[in-house]
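All remarks here apply to the structure that follows.
The values are calculated or read from the model by the stated rules, or taken from the named source; none is laboratory data. Every value quoted in this text rests on a predicted model; they were computed, and no experiment measured them. Reconstructed Cβ throughout: ideal geometry from the backbone, glycine too, with neighbour counts over all protein chains shown. Ligands, DNA and RNA are excluded from the accessible area calculation, which covers all protein heavy atoms including side chains. Shrake-Rupley method; radii C 1.70, N 1.55, O 1.52, S 1.80 Å.
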Amino acid sequence: MTALTGPAALAALTALCPPPADVPPAPDWPGAERVLGTRLPGDYKELVAAYGSGEFSGFLTLYQPGTLNEWVDLTGPMPARLRAQLDAHHRGALPCSTEDLLAMGVTGNGHYLFWDTRPRDAPGRWTVVVTERLSAPWFTYRGTVTAFLVDVLGGTLHVPLFPRDLPDGGPAFTPSRLRGRIPVTAPDTRPPVSTSTIRAWARAQGFDVPDRGRVPFAVLEAWKAATRSD
């Protein structure tokens, strides 16, 4: 795994996975930190400024402040909802107290990425933890989120919860093309559905989805919204 930190880690990531040429203005970081009640890691701020909103390798989406998609809005309702779900329903040992967990990413397979925010006054030392559907096992990466992306996309780290073919087709970043806000609805508590069922639905709606591998996050969220009971 990489020992890179700070600018060196971001330089390695941009060389591995070039960012888009046209990136939206950076979020209002002081405002976001006031909402969250904590400072955020400097590497994460530089990462967001370089890439904007979107998906890494069609699989991993980082939460960002004020995004049009409330499902991945760092200052929206999702981080608090996920923490509440952990408090109420978590199964298996947690890596730390739920109060120390701040959700900051999601994958197309339903894995969530959190920061372990200890120590709270030193965000540069926060580590990355990953869980599948908010239950054990948890995977801990003792480094920054930028270094985590370098290792995962570069193939030097395999997270046991992630598909073995990640990154399938090589590292890439796809900017978000959202033009309207996607609100968060009630948490989805239905039993898991096979990806073949979701693929069949998506193709019927005109989505271009692969025959194997990961179902894109946007397709999963569209399926959830379309099939949710009132």
For residue 69, distant residues with modelled amide H under 5 Å away: 182
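Just order 19-28, 164-173 by mean Cβ neighbour count inside 10 Å, highest at the front, would you?
Working: 19-28: 12.8, 164-173: 15.4.
Highest to lowest by the protection proxy: 164-173, 19-28.
For the stretch 25-114, what's the relative contact order in percent, using C-alpha pairs closer than 8 Å and at least 6 residues apart? Can you show the working numbers first?
Details: 96 pairs, mean separation 21.5, N = 90.
Once divided by the residue count of the stretch 25-114, the mean separation gives 24 percent.
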Residues whose placed amide H lies under 5 Å from that of residue 54, excluding near-sequence neighbours: 62, 176
Label-point separation in nm, residue 23 to residue 140, each point 7 Å along Cα→Cβ: 3.1
Accessible surface of the chain, 1.4 Å probe, proportion on carbon and sulfur as whole %: 54
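Could you give the length gained on full extension between residue 125 and residue 35, defined as 0.36 nm per residue of separation minus the Cα-Cα distance, in nm?
That works out to 30.3 nm of additional length.
What value in Å³ per residue do you get for the convex hull of the alpha-carbon atoms in the chain? Mind showing how you got there, number by number?
Values: hull volume 30.1 nm³, N = 230.
Convex hull of Cα atoms, per residue: 131 Å³.
Set the Förster radius R0 to 25 Å, insert the Cβ-Cβ distance between residue 165 and residue 96 as r into 1/(1 + (r/R0)^6), and round the FRET efficiency to 0.05. Mind showing how you got there, number by number?
Numbers: r = 31 Å, r/R0 = 1.22.
Calculated value: 0.25.
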Beta bridges by DSSP in the chain, antiparallel share as percent, to the nearest 5: 90
Solvent-accessible area per residue, Å², over the stretch 45-164 with all protein chains present [probe radius 1.4 Å]: 37
Residue-wise HN-Hα coupling along the stretch 158-174, computed from phi with Karplus coefficients 6.51, -1.76, 1.60 (Hz; x: Gly, Pro): 10, 6, x, 7, 8, x, 6, 8, 7, x, 6, x, x, x, 7, 10, 10
Cα-centre dipole for the chain with unit charges at Cβ (Lys and Arg positive, Asp and Glu negative), debye to 20: 360
